[in-house]
Every structure is written in C-alpha cells, then in structure tokens.
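Trainee: A single structure is presented below for examination.
The values are calculated or read from the model by the stated rules, or taken from the named source; none is laboratory data. Predicted, not measured: the structure shown is a model, and the values here were computed from it. Cβ placement follows ideal geometry from the backbone for every residue including glycine, while neighbour counts extend to all protein chains displayed. In case anyone asks, the SASA skips ligands and DNA or RNA and just uses the protein heavy atoms, side chains included. Shrake-Rupley method; radii C 1.70, N 1.55, O 1.52, S 1.80 Å.
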Amino acid sequence: MNSPVQSTKKSSTEHWVQWFSVENLIRHKSFLALLILVAIVSLFNPQFLAVDNLLNILRQTSINAIIAVGMTLVILTAGIDLSVGSVLALSGAICASLIGYEVPVIAAVFITLLMGSLMGACSGVVIAKGKVQPFIATLVAMTLFRGVTMVFTDGRPISTGLHHTADQFAWLGTGYVLGIPVPVYLMAIVFGGGYFILHHTRLGRYIYALGGNESATRLSGINVDNIKLIVYSLCGMLAALAGIIATARLASAQPTAGAGYELDAIAAVVLGGTSLAGGKGRIVGTLIGALIIGILNNALNLLDVSSYYQMIAKATVILLAVLVDTRSK
Amino acid sequence: MPETILQMQSINKSFPGVRALHEVSLNVYQGRVMALVGENGAGKSTLMKVLTGIYQADSGNICYQGKNCVFSSPKESQDEGISIIHQELNLLPELSVAENIFLGREFTRWSGRINWPKMKQEAHYLLQRLGLSLDPARLVGRLNIGTQQMVEIAKALAVNAKVIIMDEPTDALTDTESQSLFRIIRELRAAGCGIVYISHRLAEIFTVCDDITVLRDGEFIKEVPAKDTHEDEIIEWMVGRKLTEQYPREPGSGEQQTLMVVNDVSGPGVKHASFELHKGEILGVAGLMGAGRTELMKIIYGANPISQGTITLNGQDLNCSSPQQALKAGIAYISEDRKGEGLVTELSVGENMVLSALKSFSRQIGVINKTKEQEAITQFIQRLQVKTPSAHQLIKYLSGGNQQKVAIAKGLLTFPNVLILDEPTRGIDVGAKKEIYLLINELKRSGMGIILVSSDMPEILGMSDRILVMYSGRLVGEFESQNANQELIMRYAVGRTTEEEYV
C-alpha cells in the first residue's frame, strides 16, 4: 500500500499522470475494480451511463456509504459493529414519531442523532469497560435494539404523518439541490468529515494507532477506552443519520428496516482495502467499495438479472475482489 | 566413567548478522544431570533448539546413542527419545491431564474410537511414578502451575524419553514445588535418563546437578563436575568477557538532588522495592530475565497496578494509575519490547514520534497543527540522527537502532523529568548503540533522571552512576558503579546472597 520512499513534490499534471499509471492502479485495486465494473456494465447497457441513472446510483448508495464510514472507523480500531442495522431501524422509528408529533425537523434530527450516538455508546462501554469482544457486544446490541424497535413500533410501520413538518422532513430523503439528491450531499459531508477526522485530528491518529498496536498505544499514554467509546458512538450516530434518510425517503419508519445492512457496510469497507485486523485502511477506499456495491445492485437490475441470482453475483464479485486483494499483499 | 548418551560437537549456528553459536559442545551422560548455564543471550536456548530440530546447525555433529543424527523437526527428536520441557508450558488448558499426556499418540480401538480406560490407566501409572495423586480426567487449566509442570514431565516420560531437557523449570514454582521437582529429577536420574537442566539459579544447580557446562557469548567455555567447582568460579566463567565496547562515561554532577523516591513498592512481580533517583543521574538496574525489573518500571509508569508503597516525584506524591498520568507528571518509559509495546509498526516515523505528545501539537477540538508537528518531527529526527528517507516512512522499514531512536524520541517529546529506558540497546548494532549512549549522556547533562534497565552487564557498568540489582522481585543490592564489577553484580543477580533461603 505504501511505497517505502515517499515521492517528492511533482507538478499537478505529472501528479495526475502518475495517479493513473498502471502501477498505481494496481496498487489501488479497488479503484481499478470500479473502473472495470463501470466499463463492463456500460458495454452491456449504455443506459447505465445516463446522468439520471448515475445520480440514482449515488442516492441508493448513500445510506450504505454513510453507515460504512462509521464502520471504517470501527474496523480501523480492530473492532466491528454488527448493530448498525438495528440502530438504523430504532433511530428511524424515533425520528418518525417525533415528526409525527410535529416536532420541528431540526430538533427531531438532532434528537435522533443523539439517540443513535447513545446506542453506539452502549456497545462502546461494554467493549471498552467490560472487555467484551466487539463481535459479541455488538451482536447483543443488534438483537437488543431490534427488539426495542419492535416493542416501540408494535411491529408496524410508523408514518411521519400528513402535515407541513412531515413535508419538510421528506426533503431530506427526496429533495434535490442543483439537480443532485439531498442524500448525496449528506454522503459527501460525512465522507469529508470522516477524512478530516482520520487525517487531521488527534482522534484519527489514535484510531490508527489503537488498531495497529493497542498495548503500544496504551503505553504511549493514550486513553484507549475513550477512543473506543467515541468511535462506537460515532458509528451509532452515522447509522442514525442513515435511518433518518431512509425514513424521510419513505415518509415512514419500517420496524424491519436496515436488516442485513451491517454486512453491506462491512463489505464496502473490506472492498475498500481496509484490514479487518485494524490499523490499516483509507476512507476513500470505503467510498469506492460502497460505490462498487451500489453499481453492482443497479447494474444487475438494469441487466434484468433476477433478484435471486443477484445475491449470487454480488457474492462472487466481492469474493473475487477480496481474493485479488489478499493475494497481492 | 558414565556412558555418554548424547554428544553435541563443534556446533555452529549463525543468524543474519549474528553468530549465535560458535564451536559449542555439550555432553549428556546416562544417569547424570548436566547443568547448562550462561548469561541471557549466551546461546543456551539456541543450542537446545538445534538439538531438538527447531533450528538446523550450520555445521557440527550430534551423536545420539552412538549414532550421528540430524533432527529436522521437534517431532523427529521426540520420536527418538529427546524431550524438552519449555519455559512456557505447552499444555492445552481445556483438555484433561490424560489427553494432554498422550496428545497426538492417543490409544485407539480398531474402530478409531479412543480407548479411554487405557488412556486413563496409562496416565495414572505415569503420574504414580512421579509420586503424584492426580485424577487423569481433571482439566489441566484447573491445576496450579507446579502441577502443570509435573504433567509436562509426565508427558516427557510417556514418550520414553532418554534425554530430558528442562528450561528454567523452577521459574514458576514455589519452593515446595521445586523440592518435589528435584526429587523427581533424582528419580529420573536413578532410572538412567540423561537430563539437561537450564537455570540461572546457581544454588539450585549445585543442589541437583552432577556436571556443569558454561556458555558465554555463544561459545563453549567449560565443562566441569559440579563437585570440583563452586559458585564464584562459575560466575567468573559466565561473565569473563572483556569490556570490548567503549562507553562514553561522564562523571555525575556530584550534587545529589533527589528527584524521585520509590518507597516500599509492591505489585505484580515486585516485592518491597525502595530506591531514590537523583537529578542528572543514570541509575542502572541489573538482574536476570524474570527478576522483576520491567515489572517495577511499569508500576512506576502506572502501566501495572501498585499494591503497596509510595512514589514521590519532586517531593510530590505520585499516584499513577495510568501511563497518561505518569507522562503528565513527567515520567516517560521506553519499553523493552519495541514491536509489541513500543511502536505502532503501521504508522510512519513521524506519527510514532509524536504519539505521546500529540496534545501539544493540537489546536482546539483536537485538530492537529501539521506545521508545528512537522517542525518538531524534523527537529528530533536531526537531533537523534534517525536515518530515514523521510518522516513519512513507515517505521517498520527502519533498522532496529533507528526504531529505538524513534521510540526514545517519543518519550523525549513529552519533556520528562524521569526517563526510564528498558533494554534500550537490545538487538541494536554497535554504531547505533554508541549514538544512543551519547544521547543518554546528553540527557543526563540536562538534569534528567535516567533509569537504565539492562541485561548487558558491561553496559550497566559502563554507563551508570549507581547500580541496583534485582533478584526474584526484590532489590537485593545497590552499588556505586566505581565499586561494582561484573562478578559482584552477577553474584547478586543469581541470588547467591540469598542462598540460605534455598537450603
């Protein structure tokens, strides 16, 4: 991934030429895979490259991509979060009922994000203070929050209602600004934020350090427990944001929403080249990974592949991508 | 003259850049116990690894039961009757005693089903032979360490071992357990086994061993019958190396201003340690592996819990329950285990350097001020002469010496009053060592109190102003360095002075 010797400054054209050199494409395998995928799909169906379709893909990708950013932070610390799908559902239900009571949109969104962070923090506390394996802790959280969602919604969808507040709220999922869907903007903001955290803040540095070598990080005088707590809280908050978008789009919260989303998010992170062992990976990779999964879903629909075969095709592509990645290491 | 079961002759073994064994010989006699002694790094373990087939010798001869042998794997040597009991036990805690003893060699019926009655019966016989009344069906994880050690010995007996190697077997045992181990060793000896007994506890060696082989710096020094020698002579042979390296010693400032006081501190692996550290002083801490030196340092640094005692720094009580608090108070610790506890190998040189001090390069809400960070990194790379193509180089591509400089820089960037260096020159080439010594002296001049933990005796003698010696968790000696020499320190480090406790 990293060349032993850092390149010195180059002119910008030279820089871009270098970026697209064969060598570099092989190094950034996920990006190469994305290009190949786009090429193949557009060959079979030129409609794929239509602007509308591309925007559609971005909008469909946004929910998984936003969750995947949180998942990247968690996986970089050598953890995992299986509870994101349940957190999405519960947050969505909370948000839908707040909007249903005509709570102002900004307040509803803020409260929902806070609740999502708290749900993440629950896993974080169990992992950091209880020394429970992240897999187990978040598996418990996944079951727990799904159960709470079922109790809270009584197993039925919660509608945001038919009033002005609900219309305003729907804009978050269905609106357009300058011809681009609002969720795509949200996705861009989340990725920008994720990049900033990882590369420009102390937290980001500590996340990489913790994932790379926990005892060295602890001995360097860093409060490792706090880092874990913050990371799982952020992951919960982003799952809640995804829940808000999903709810806004459908104007209602489904109690079964988000089931299996944790696996799509993990797949995106792994496709992006982040190591499940922690300490190694890039947020840009996760964006590419999420796009690959989004394009795959879209393309298989465009190519009229039945939904049963879609799963098999998706599994095959992900396996191939990960195999290539592992073998070239 | 007793019969020689095993003869290793002129064994040579090199690793890239290191000559681990040079013309080493070892004889094991039937019905006798051979002690194998030497300092840390003298080549004892390497020699045993060559014997059991974990390593292959570059040249030399192994003659076992009159035949020349080359073992290519531990399984091969075991099948031939050579068993080794490692320092760390190799038992599966979730399996029963019987299952552990016959692991990989289970008795089966014709159908492939395990013959449990026979397994238990055979295990029972073996344990009885060791004088142990232990239910073979018990889980090994539920037994205390001493009994586990016995199970390991039973395992060695089960393969009908003719040569049994014991690597520091009493490290984890209580005195009573050690006594019964000695009794078993005598029984095995009477049964005609040849035993190799590796230990740095000289008192024990004179209790159970018949012959002694001394290694030093990978070379064979001497083989003598135990009755023809005494402890002081053995110590002399163990450390007899000359001071070949130059140590840039600097006289202390003379004025003894107390910086840190450690008073009656106990904790995991440490018992009632008390000492003082002065400003501008290098305090050497000597001792053999497992003597509790690292444990004591980790208690001071807040990484291990303190169960008793007080630590004061500049007259103020310290109560560090985490490295964070210690660093804040002005204590930095550079771990002996660079890869495991010192550095994050997937981060760059620069990122590792500033890891402990990142707060001082941050604006509000934790945003890193990259310009300020880069300045500090560049400054310390130059000051410590870290050889790296750039600050962005991943630390794992650097040589051991340069990695160590980065680890030290990480501590220095927190501007500590007390710097604890745990084995700072282990696995580092001579040139880099010298640079690190010069750096230590420079820090000493600036008034820092430095604790230098090292297994390298000449280094301790060459650098320190005062020397503490640890033995099994206790501080057993303190010397002004001009009054100390290798023999004296080694005598304290092997517990020679506390010999009465053994008998």
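Trainee: Quick check for you: which residues of region B:53-96 have the amide N under 13 Å from the point 7 Å beyond the Cα of B:Ile114 toward its beta carbon?
Mentor: B:92-96
Trainee: Here's a follow-up. Antiparallel as a % of all DSSP beta bridges within the protein assembly as shown, to the nearest 5?
Mentor: Bridges in the protein assembly as shown that DSSP calls antiparallel: roughly 60 percent.
Trainee: Using alpha-carbon positions, what is the distance between the centroids of region A:39-114 and region B:128-145, in Å?
Mentor: About 57 Å separates the Cα centre of region A:39-114 from the one of region B:128-145.
Trainee: Something else now. As a test of the formula, what do you get for chain A when each DSSP H run with n ≥ 4 contributes -39,500 (n - 2.57) and the sum is divided by the residue count, at 222 nm and rounded to the nearest 500 deg cm²/dmol?
Mentor: -24500 deg cm²/dmol
Trainee: Sticking with this one: Explain nothing, just the number: relative contact order of chain A, from Cα pairs under 8 Å at least 6 residues apart, as a whole percent.
Mentor: Answer for chain A is 32 percent.
Trainee: Place the peptides A:72-80, A:284-292 in order of packing, highest mean first, counting for every residue the other Cβ atoms within 10 Å and averaging per peptide.
Mentor: Highest mean packing first, the order is A:72-80, A:284-292.
Trainee: Could you let me know the centre-to-centre spacing of region B:154-174 and region A:179-255, using Cα atoms, in angstrom?
Mentor: 53 Å
Trainee: Under the 0.36 nm per residue contour assumption, what length would be gained going from the current alpha-carbon distance of B:Ser321 and B:Lys75 to full extension?
Mentor: Once the chain is fully extended between B:Ser321 and B:Lys75, it gains 84.0 nm.
Trainee: What lysines does A:Lys129 reach when the alpha-carbon gap must be under 22 Å and sequence neighbours fewer than 8 apart in one chain are set aside?
Mentor: A:Lys228, B:Lys298
Trainee: Then there is this: Just counting partner chain Cβ atoms within 10 Å, what average do the residues of peptide B:403-414 show around their Cβ?
Mentor: Average neighbour count from other chains, rounded to a whole number: 1.
Trainee: Related question: Let me know the mean shielding of A:208-217 by other chains, meaning the per-residue number of their Cβ atoms within 10 Å of its Cβ.
Mentor: The shielding value for this peptide is 6.
Trainee: If each Cα of region B:342-415 is one equal point scatterer, what is log10 of I(q)/I(0) from the Debye formula at q = 0.28 Å⁻¹?
Mentor: Each listed q maps to, in turn, -1.40.
Trainee: Would you check the accessible area of B:Asp58, probe 1.4 Å, heavy atoms only, in square angstrom rounded to 10?
Mentor: Per-residue accessible area (B:Asp58): approximately 90 Å².
Trainee: If you place +1 on the Cβ of every Lys and Arg and -1 on the Cβ of every Asp and Glu, how big does the dipole about the Cα centre of the protein assembly as shown come out, in debye to the nearest 20?
Mentor: 2040 debye
Trainee: Determine the calculated [θ] at 222 nm for chain B from helices alone, applying -39500 (n - 2.57) to every DSSP H run no shorter than 4 residues and normalising by the residue count; nearest 500 deg cm²/dmol.
Mentor: -9000 deg cm²/dmol
Trainee: Would you give the gap between the C-alpha center of region A:118-149 and the C-alpha center of region B:385-422, rounded to a whole Å?
Mentor: Each part reduced to its Cα centre gives a spacing of 38 Å.
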